[in-house]
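This report refers to the structure that appears directly beneath it.
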Amino acid sequence: MDPLCAAVSLEKRKRTHTLPLPLSPCLPAISMRRGALIVLEGLDRCGKTTQCGLLLERLRAVSTAEPQLLKFPDRETSTGKLIHGYLAEGQQVHDRAVHLLFSANRWEKSDMIREALLAGSCIVCDRYAYSGIAFSAAKGIPLEWCRQCDVGLPEPDLVLFLDMPPGASEKRASYGEERYERTDFQERVKDVFQELQQQEKERGCPWTIINADQSIEEVQRDINLAVDACLESCNQGKPVASLWSDESTPAP
Ligand code: Z5A
Ligand code: MG
């Protein structure tokens, strides 16, 4: 059995007993042939940021290359500052212009993502292009127009959709502080996410749906199961693909 599979199967055995799941200190971390791009998506307050942090911690234990966490929007870059003004400070920006800003905010990171994956680092992404489409199409912008801006970004190896009824998230902390945090709008966003999910399934890139309406530990357990399978396939030389495009970069 190759070392990654050994680490992963040890993890699977441990899972039945304890959560969270630290690797045995005796087991050396694995040098991955290439890293995996793992995206967490879902409606507001479904637990994406919480689970991204937990996943990062776990990947640190499995791999020799440092895993990285990206959060979109990245509010620190120049495009991110404009986005933050729009989301949190009520600044007015044309719907299509703000869509382009969100997309640009991802493109700024695209070379870095590809290089890190090829160097063996896993990347955990807190929202990605799917949020970009879902929130803009929910405002009435045509879905295909929204998608075009993100064609060619690094394609995720795993999309984990944290599924939760829109009403349930209202009970969670800080709900309602930003633009978009209204149940009627979140219902429309969920409809677009469902349409995207169906389209991705039809093109052979199905999302993994995680029930987010359970405890943090239970959600983490379900995520870990899906991530294990994804790491195995990346380590077997799956190329780094481009989203909604035929281009790809072979794994080293
Ligand atoms: N947006 C867009 O329009 N276009 C784009 O291209 C992109 C984004 C990328 C800001 O995003 C907005 O940008 C977002 C979409 C839009 N607007 N909306 N809606 P953001 O990611 O910065 O949003 P946020 O403010 O971080 O919210 P969030 O990410 O949706 O929350 P979350 O990360 O999913 O949840 P959390 O922070 O992990 O958890 C929320 C609370 O629930 C917290 O107190 C946790 O302790 C608690 N929690 C977490 N898990 C559980 C469980 N399992 N049980 C109970 N409590 C829990
Ligand atoms: Mg978040």
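A few notes on this one:
- The range 199-208 - residue that is open to solvent by less than 90 Å² (accessible area, probe 1.4 Å) and over 19 Å from T49 (Cβ atoms) and, of those, farthest from ligand 1 (Cβ to nearest atom): G204
- Scanning the range 71-108 for residues that are open to solvent by 30 Å² or more (accessible area, probe 1.4 Å), assigned to a helix (DSSP H, G or I) and of a type in the set (G, A, S) yields S78, A88, A97, A104.
- Any hit, the range 172-195, residues being away from ligand 2 (no atom under 16 Å from the Cβ), out of contact with any helix residue (DSSP H, G or I) (no Cβ under 7 Å at 6 or more places or on another chain) and among the polar types (S, T, N, Q): yes
- Criterion violated by S215 - all others in (1) out of contact with any Gly (no Cβ under 7 Å at 6 or more places or on another chain); (2) surrounded by 14 or more Cβ atoms within 10 Å (Cβ to Cβ) satisfied: (2)
- Residue list for the range 55-70, filter: open to solvent by 40 Å² or more (accessible area, probe 1.4 Å) and within 16 Å of ligand 1 (Cβ to nearest atom): E57, L69
- Those helices (runs of 4 or more DSSP H) lying entirely in the range 136-231 with at least 1 residues hydroxyl-bearing (S, T, Y): 166-169, 183-202
The values are calculated or read from the model by the stated rules, or taken from the named source; none is laboratory data. Worth saying up front: this structure is predicted, and the values here are computed from it rather than measured. Positions of Cβ are generated from backbone atoms using ideal geometry, with glycine treated the same way; all protein chains shown enter the neighbour counts. Note: areas computed on protein heavy atoms with side chains; ligands, DNA, RNA excluded. Shrake-Rupley method; radii C 1.70, N 1.55, O 1.52, S 1.80 Å.
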